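Comments concern the structure below.
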Ligand code: TEU
Ligand code: CA
């Protein structure tokens, strides 16, 4: 049901600004480009946009290294343009979510340059995690922690101290035990809420607090909690943020990126005085398998019901292999390897499953996230030349990890060759190369084809918005054939997904509302899903 708590049921579209649309022709997406495509997003039928970071940044981690949260990066535009964009989206009934990164800032942030110029033990250094090294002359890092992007999590500065960075060296971790850090971030939230922003996506939300003893741990196991993941102190941070969000007449939503293995500990972040919701990475990483999906769905619903929070459903984002490619692997149990090289991929199969998955996710209770380009059925781009790759993960692992460039390739809007309308005519090349075979996948090519992925997304989103039983609220599994997922929402709505290897009969007297493939008779083919109007 559609309550005023929009975040409980919204279809939220992730814009990765660098790759969405380039307005000024420098080959990099920008806010003018986004504004020129708001009609497209409105027609698509989404209810909110989450923007990956658009703040001032040296781009060591594609903008997740922020120099100043109150300035827009000049590559993307200006604060005035961001304000215009917020207004223009609101005029279309689209809400705006911005990304806030609390775990770290850029090494060019004023706090970090001040810390580098200050002495060991100074208040400036206490905003970060500066420590003496080990070994005779402190030449060894303070502990064995590894960066998530590869290599040690510590970098030494000229006076001999080391600072902690769980991601790239250009992303020094903040010390959340320092009250100035808390005050500053609450102020950043107010800065954006005061400009009409409806919600915040909280980056790496479970990582902010660290065990101050900085103990080593066994890197081969990764339990929750862990010296820098899921410490209880995190909850105090988000209680403070929730108070800020709730201080507005129209309360603002906080959506966490909380990667945790333990469902019960995950749910603690969604208690009534903390975050409103969080991304469902268990679902994202699940294989294309009925039993596995059903288990994840049940576990998700149970964990969220316990705290009264809405579930979310996510298939792709800017950090993982696009799901057309994941679902096109011969063995999708490797879908759990959400980022890996994919030597053999059946793209048509992957796209067929992606279509079926769209109907599944959009019929489940809660909110749904759509990553830009998934509505076009874009695959992962796997053959980006090494010298064009940008992601620090690729470079810091010497290419052992393919990194995330392949899901960040600029969108194809129209035309038959690069830049496919991403940039205006005569512009610089897009910041990442686009495949030669993307003409058929462009938004313009799909616009008038009633069977395209884009048409399917439009159809499903329109129906989802019109169907009172969809969005938040209960669901009921139907007993069905093995490897087929079937459930009802409300009195007369049924979703069926056929993951088996044989076609299945559709129920009698059912009206087909939407199907992921054209249906010629009352059977549901393999890897196909359907929404039905049913009567009890
Ligand atoms: O990601 C946090 C995170 O831990 C992973 O998603 C990580 O990016 C990587 O995929 C691990 O294998 C968030 C952002 O979504 C990501 O883009 C940033 O690089 C990261 O934080 C640092 O800010
Ligand atoms: Ca641009």
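Given labels modelled 7 Å from the Cα in the Cβ direction, how far is it in nm from residue 180 to residue 126?
Inter-label distance under the simple model: 0.9 nm.
In whole angstrom, note down how far apart the Cα centers of region 91-153 and region 422-495 are.
What the calculation gives is 39 Å, centre to centre.
What residues from region 481-518 fall in the zone where the backbone N is under 11 Å from a label point 7 Å along the Cα-to-C-beta line of residue 455?
518
Please compute the length gained on full extension between residue 119 and residue 233, using 0.36 nm multiplied by the number of residues separating them and subtracting their Cα-Cα distance. Spell out each step's value before the answer.
Values: separation 114, 0.36 × 114 = 41.04 nm, distance 2.78 nm.
Roughly 38.3 nm would be gained on extension.
Bin width 10 Å, alpha-carbon pairs only: give the P(r) of region 1-129 as whole percents, running from 0 to the bin holding the largest distance.
12, 37, 27, 15, 7, 1
Evaluated at 20 °C with a viscosity of 1.002 mPa s, what Stokes-Einstein diffusion coefficient in µm²/s does region 286-389 have when Rh comes from the Kirkwood expression over alpha-carbon pairs?
It comes out at roughly 147 µm²/s.
Could you check the simple spin-label distance between residue 447 and residue 469, using points 7 Å along Cα→Cβ, in nm with one decimal?
3.6
Divide, for region 201-346, the radius of gyration over alpha carbons by 2.2 N^0.38 Å, where N is the residue count.
Rounded to two decimals, the normalised Rg is 1.15.
Between residue 261 and residue 387, how many nm apart are label points set 7 Å from Cα along the C-beta direction?
Spacing of the two 7 Å Cα→Cβ label points: 4.2 nm.
When the gyration tensor of region 105-173 is built from Cα positions, what are the square roots of 5 times its three eigenvalues, in whole Å, from largest to smallest? List each step's numbers first, then the result.
Details: eigenvalues 63, 51, 13 Å².
Computed over region 105-173, the values are 18, 16, 8 Å.
Out of all DSSP beta bridges with both ends in the chain, state the antiparallel percent to the nearest 5.
In the chain, DSSP labels about 55 percent of beta bridges as antiparallel.
Which residues in region 293-333 place their backbone N less than 12 Å from a point set 7 Å from the Cα of residue 272 along the Cα-to-Cβ direction?
307-309
Defining a contact as two alpha carbons under 8 Å apart and six or more residues distant in sequence, what relative contact order in percent does the chain show? Present the calculation step by step, with values, prior to reporting the outcome.
Numbers: 1152 pairs, mean separation 75.3, N = 536.
Worked out over the chain, it gives 14 percent.
Treat region 368-440 as a sphere of radius equal to its Kirkwood radius over Cα pairs and apply Stokes-Einstein at 37 °C in a medium of 0.692 mPa s; give the translational diffusion coefficient in µm²/s, rounded to a whole number.
On the way: Rh = 13.2 Å.
In µm²/s, the coefficient rounds to 249.
Given N residues in region 474-533, what is its alpha carbon radius of gyration divided by 2.2 N^0.38 Å? Present the calculation step by step, with values, prior to reporting the outcome.
On the way: Rg = 10.6 Å, N = 60, 2.2 N^0.38 = 10.4 Å.
Region 474-533 yields a ratio of 1.02.
Can you put 201, 177, 458 in order, fewest other beta carbons within 10 Å first?
Fewest-to-most Cβ neighbours within 10 Å comes out as 177, 458, 201.
Show me the ranking of peptides 186-195, 56-65, 476-485, 11-20 by mean Cβ neighbours inside 10 Å, starting with the highest.
So the order, starting with the most tightly packed, is 11-20, 56-65, 186-195, 476-485.
Counting just the Cα atoms, what span does region 155-225 cover along each of its three principal axes? Round to the nearest Å and put the largest first.
In descending order, the Cα extents are 43, 35, 22 Å.
Please find the FRET efficiency linking residue 339 to residue 505, where r is the Cβ-Cβ separation and R0 is fixed at 41 Å, and quote it to the nearest 0.05.
So, using R0 = 41 Å, E works out to roughly 0.60.
Using the count of nearby Cβ atoms within 10 Å as a rough guide to exposure, how do 494, 78 rank from fewest to most?
Ascending number of Cβ neighbours within 10 Å: 78, 494.
For the Cα atoms of the chain, what angle does the longest principal axis make with the long axis of helix 234-246, in degrees from 0 to 90, nearest 10?
The answer is roughly 70 degrees.
So if I take the centroid of the Cα atoms in region 21-48 and the same for region 226-281, what is the distance between those two points in Å?
30
Treating each Cα of region 276-316 as an identical point scatterer and ignoring solvent, apply the Debye formula and state log10 I(q)/I(0) at q = 0.34 Å⁻¹.
-1.21
Between region 352-403 and region 155-205, what's the alpha-carbon centroid distance in Å?
So the two Cα centres are separated by 26 Å.
Do you know the relative contact order of region 1-157, to the nearest whole percent, from alpha carbon pairs under 8 angstrom that are 6+ apart?
Rounded, it is 16 percent for region 1-157.
Using only Cα atoms and rounding to the nearest 10 degrees, what angle (0 to 90) does helix 347-363 make with the longest principal axis of the chain?
Compared with the principal axis, the helix lies near 90 degrees.
Quick one: angle between helix 453-466 and the longest Cα principal axis of the chain, in degrees between 0 and 90, rounded to 10, please.
For helix 453-466, the angle is close to 90 degrees.
Convex hull volume of the Cα atoms in the chain, per residue, in Å³?
Value for the chain: 145 Å³ per residue.
Any read-out appearing in this document is the output of simple, stated calculations on the displayed coordinates, not a laboratory observation. From a predicted model like this one, the values you see are computed outputs, not experimental measurements. Because the Cβ atoms are built from the backbone with ideal geometry, glycine has one as well, and the counts that use them run over all protein chains shown.
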